[in-house]
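Single-structure report; data block below.
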Amino acid sequence: MLFSLYLVNKDKICNVTNMISFLIPSHNYGNFLKKCVKSIIKNNPKYIKEIIIVNDASSDNTDQIIKELKKENLPIDTPYMVEAHEKISISTKRKSCEQIFQRLMITYDGRVAMCCMDWGAQHCIGYIDKSAQNIDKTLKELKDKIQKNKSGFELLKNAKFPQKFNEPKFEIKKIKELWNGAEINKVRKIHHKAELNNIDICKKCDFKDTYLWREID
C-alpha cells in the first residue's frame with residue numbers, strides 16, 4: 001500500500017526539477033518511521049517534493065504511525081524549525097512581534113524601519129535625513145556597475161535588489177515622532193490582532209519568536 005505525505009518546506013522552490021520524491025519501504029519497521037521521516041526533513045529541507053511510504057503487509061504499528069504522520073497534511077511552505085536532538089517543530093499560527101514595541105532600525109542614509117530584521121528598510125516608516133532621498137539613485141549606480149562588470153563588482157551579477165513594501169511621503173521627522181507615528185502604529189494594530197501575514201515584510205520574517213510552535217512527535 002502506498003501513502004504519500006506532503007511535508008513541510010520553508011523555502012519555496014520554483015524549479016521543480018530540483019525537487020525530490022523520497023520512497024520509504026517498510027515491513028514491520030513502524031517504530032523507525034518517524035525517525036526516518038524526521039531525518040529526511042532535517043537533512044533535505046529544500047528539496048522535498050513528497051515522502052512516499054510503502055507499507056509491505058506489516059503486522060506491527062506501521063499503519064498507525066502512517067496515520068499519525070498523515071494527520072499533519074501541511075502546505076509545502078509551512079514554517080518549521082529543527083533543533084537539537086532532531087526535534088522538529090511546526091507553526092500554523094503567528095503571534096505579535098515584540099520588536100516593534102522595543103526599537104527602530106535606521107539605515108546609513110536616514111531611512112527608518114521597524115526592526116533590525118528589516119535591515120534594508122523595505123517597509124520604511126519614515127525619514128530622519130534628506131540623504132534618504134538618494135536611495136533610488138544609489139541603487140541605480142550600483143546596478144550599472146554590476147551590469148558593466150566594474151572592478152570589485154564581478155561577483156555580484158546575481159545580486160537581488162530589495163523590494164519596497166512601504167514608502168511613506170518624504171518628510172524629515174524626529175525619531176520620537178516616528179516612534180509614535182501613524183505608520184508604525186498601523187503595523188502595531190495589525191500585530192495586536194496576530195495578523196502578521198497581512199504585512200509583506202512580516203509575512204516573510206524568520207524571527208522565530210513571532211511563531212507559535214508545536215513539536216512533531
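The values are calculated or read from the model by the stated rules, or taken from the named source; none is laboratory data. The model shown is predicted, which means the values in this text are computed figures rather than measured ones. Here the Cβ is made from the backbone with ideal geometry for all residues, glycine too, and neighbour counts use every protein chain on show. Heavy atoms of the whole protein, side chains included, go into the accessibility calculation; ligands, DNA and RNA do not. Shrake-Rupley method; radii C 1.70, N 1.55, O 1.52, S 1.80 Å.
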Of (i) 45; (ii) 54; (iii) 29, which is the value of percent of Cα pairs over 30 Å apart derived from the coordinates here? (i)
Once Lys and Arg get +1 and Asp and Glu get -1 on their Cβ, which of 181, 165, 121 lies farthest toward the positive end of the dipole of region 58-217? 181
Where both partners of a DSSP beta bridge lie in the chain, what percent of those bridges are antiparallel, to the nearest 5? 65 percent
Roughly speaking, what is the stretch gain from residue 148 to residue 47, that is 0.36 nm per residue apart minus the C-alpha to C-alpha distance, in nm to one decimal? 32.9 nm
Value at 222 nm in deg cm²/dmol, rounded to 500, when DSSP H runs of n ≥ 4 in the chain each add -39,500 (n - 2.57): -7500 deg cm²/dmol
Put 85, 192 in order of accessible area, largest first, 1.4 Å probe: what do you get? 85, 192
Surrounding charge for residue 191, neighbours by C-beta under 11 angstrom, Lys/Arg +1, Asp/Glu -1, total +4
Between residue 138 and residue 214, Cβ-based FRET efficiency (R0 45 Å, step 0.05) works out to 0.55
Using the Cα centre as the reference, give the magnitude of the dipole from point charges on the C-beta atoms of the chain (Lys, Arg: +1; Asp, Glu: -1; all else neutral), rounded to the nearest 20 debye. 760 debye
Just to be sure I understand: with springs between alpha-carbon atoms less than 10 Å apart, which residue in 154, 177, 83 has the highest mean-square fluctuation in the Gaussian network model of the chain? 154
Binning at 5 Å from 0, report for region 163-217 what percent of all alpha-carbon pair distances ends up in each bin. 4, 14, 21, 21, 18, 12, 4, 2, 2, 1, 0
Options 135, 29, 41, ranked by Cα towards positive dipole end of the chain, top entry (Cβ charges): 135
Sum up the charges of everything whose Cβ sits under 12 Å from the Cβ of residue 159, counting Lys and Arg as +1 and Asp and Glu as -1, but leave residue 159 out. +3
With Cβ to Cβ distances under 9 Å as the rule, what net charge do the other residues near residue 22 carry (K, R +1; D, E -1)? 0
Chain lengthening between residue 109 and residue 163 when straightened (0.36 nm per residue, less Cα-Cα): 17.7 nm
